[in-house]
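Heads up, the thing below is written out as structure tokens.
The values are calculated or read from the model by the stated rules, or taken from the named source; none is laboratory data. Only a predicted model underlies this, so the values are computations on that prediction, with no experimental measurement involved. Note that each Cβ is placed from the backbone with ideal geometry, even for glycine, and that neighbours are counted across all protein chains shown. Calculation scope for accessible area: heavy atoms of the full protein, side chains included, ligands and nucleic acids excluded. Shrake-Rupley method; radii C 1.70, N 1.55, O 1.52, S 1.80 Å.
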Amino acid sequence: MASSGFVQAAMLLLAVQLFCLRAADAEETGTVIPAESRPCVDCHAFEFMQRALQDLKKTAFNLDARTETLVLRAERRALCDCMPTNSLR
């Protein structure tokens, strides 16, 4: 036979679960939105991925512009190092 402590613990867990389920049901009362008017999970995932793609494009553009600036700066520095300083005037 099961010990009385085990039975009491099981009953306590069952009571807590029932209480939590009733509390969750009470919170949802009045805020239920019909399924037809709610966007589906796939739509949310698509919107999230679309925003992430836009962020990646923006980051790639910024990195491309930064790289181009650094390359031009390096080319100018190399050009200035090759030429004597009196020929630049």
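Summary of values
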item: Members of region 63-83 that are out of contact with any helix residue (DSSP H, G or I) (no Cβ under 8 Å at 6 or more places or on another chain), open to solvent by less than 90 Å² (accessible area, probe 1.4 Å) and assigned to a helix (DSSP H, G or I); result: Ala65, Thr67, Thr69, Leu70, Val71, Ala74, Ala78
item: Filter result (in a helix (DSSP H, G or I), among the small types (Gly, Ala, Ser) and either at pLDDT below 70 or surrounded by 10 or more Cβ atoms within 10 Å (Cβ to Cβ) (or both)) within region 1-37; result: Ala9, Ala10, Ala15, Ala23, Ala24, Ala26, Ala35, Ser37
